[in-house]
Each structure stands twice: as C-alpha cells, then as structure tokens.
Amino acid sequence: MNRPSLALRLKAAMLSADDGLLMRGAFFGLLAAAGTFLFVDLREMSLANAARPGHDPMTTDAPVLPPALTEGVPGAPPMEPETSREILRQPIRFELLPGGILKAEGSIDPGAADRFAEEIAARGEYVTAVTLNSPGGSVEDALTMSKLIREKGLNTKVATKALCASSCPLVFAGGVAREAAENAILGVHQVFNAGEVRPSPEQAMSGAQSTTARIARHLNEMGIGNGLLIHALETPPDRLYYLTPEEMAAFKLITTPVATAKQAD
C-alpha cells in the first residue's frame, strides 16, 4: 500500500513550505488526504467494534481521551503528570493564585468556555496569566477560551509536571506570551467525536475536516507554526504525540525557552 509513503511525502512538503502559502493552498491538500485516511480508519474501527459486541471505545474504561493519558507516539511522555487522573477527569475548575495567575485544571467539558468567560469578567484586570493543567476535551470550548485569552492580552503557562494535551494546546496557543516549564507535558492528536450520538463514517469524515480547518485557521491567527497540526493529524485519537522542547520552540508554541521557564506555575 502507498499510504505511509504518501503521508511522508506530504509531511516533508508541508514542513518545507512557506507558512502563508501553505495556509492558502497546499494545506488543504493534506486535509483532503487526512480525511480520506480518517474515513478508512473509521470504517475499520466500525467493523472491528461490530465484531466485538458490548465493546464501546468511548467509555471511560477504554484507553481513549479524555483524559489524554495514554501512551504517546513515538514514545512515552517524559514523566507522569503530577495531578491524579481522577482530578484531571473532573470538569475544569478555576482558582485564582497570587500574582494574577488563574489556574485552570481539569477536562475541558462542554460549557467550560462560558464558565471561563464568567471567571475572567469577575476578576477584572487582576488576571494576567492562565496556567493550564488539562487533558483536553471540547474543541469548541478550547477555541473559544483561546480567543478570549488573546483578546484580553493574557499569557499562558504549563507548570512542571502539569499536563496540557489534546485540545488544551489550543487554549495555550491563545497566550500573548507562552511558557512551558521544564518537564511540562504537552501532547496533541487527531480530533474525534466522543459524544453519545455516533455519526456515520461519512459524517465523521466531514466533521473532522471542517474542525481541522478551523483549528488550522486559529493556530495560524495565533502565530503557531504548521508542524503542531501536522503531528496532531498523524496521531490517532487514542494516542498522544508528546512535543519536545525543541519542537515547541520550532512551532512557536512557546515564546520563552523551556530552560528559562522552569518556575512557570
């Protein structure tokens, strides 16, 4: 089969292309190819699940997200998150820390963006930065939170041994200044539908492509390099691609070198 070689050629071409040109043209070629692969993968998943009655890959007992705590691709995370899985599975909570830091911890559940907006409105001008510890969750809420963070001119941080995975890096990307501490765990993967209503493979493919295009546009507006989304597109939704400090810097996901951001909390 030609799928691996085609994917490698697409990846090499995108990484070497100009960002603006990529967003205008070649990028959408990758979306089409990714959609095709996703369609095939969903078909295979559906057939496999049909052969195993009673198995639901979206239950909390299965190794899928949220929370994003499965083994990564190509390897395991640099360290286990300091926060327990039970806490990370809870709906995201907000806690005001000294120095104008708003801590956001837990899964990004539907409605999280509204609660976040209420929190920012209530705190007025006191909040200067948001520190994240989340396995991700709702892409829609993550995008909305990210846009509000940029609109308010806030910074974002991920502390030592904190997790920012799945849709959480979208929130992180909204920061004007973005810091990841040494041993912070940041990971990405493909978007997926974890709702109770299962779409058909065709609907899933259409929805994934539409959502991926919105994510691409948002990351471009936030000044994030294309490599971040490429790694997400390459990684199945039940795995994570763990970003190295060098990749975070190369993709412009962080604005402060990791070596100088050890105290981000």
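Worth a mention:
- Qualifying residue in segment 53-64 (condition: over 25 Å from Y241 (Cα atoms) and either touching a helix residue (DSSP H, G or I) at 6+ places or on another chain (Cβ under 7 Å) or modelled with pLDDT of 90 or more (or both)): yes
- Of the residues making up segment 90-109, those that are within 17 Å of P169 (Cα to Cα) and not in a strand (DSSP E or B) are I92, G106, D109.
- Residue check, A184 more than 13 Å from the chain's Cα centre (by Cα), buried (at least 18 other Cβ atoms within 10 Å of the Cβ) and either among the small types (G, A, S) or at pLDDT 95 or above (or both): yes
- Members of segment 211-254 that are surrounded by fewer than 17 Cβ atoms within 10 Å (Cβ to Cβ) and at negative phi: A213, R214, R217, E221, P236, T244, E246, A250
- Hits in segment 113-158 (condition: surrounded by fewer than 24 Cβ atoms within 10 Å (Cβ to Cβ), in contact (Cβ under 8 Å) with a residue 12 or more places away in the chain and either part of a loop (DSSP other than H, G, I, E, B) or on the phi > 0 side of the Ramachandran plot (or both)): Y126, V127, T128, S138, K152, G153, L154
- Selection status of S210, farther than 19 Å from L97 by Cβ and either touching a strand residue (DSSP E or B) at 6+ places or on another chain (Cβ under 8 Å) or at pLDDT 95 or above (or both): no
The values are calculated or read from the model by the stated rules, or taken from the named source; none is laboratory data. Keep in mind the model is a prediction, meaning the values are calculated, not measured. Quick reminder, even Gly has a Cβ in these numbers, built from the backbone with ideal geometry, and neighbours come from all protein chains shown.
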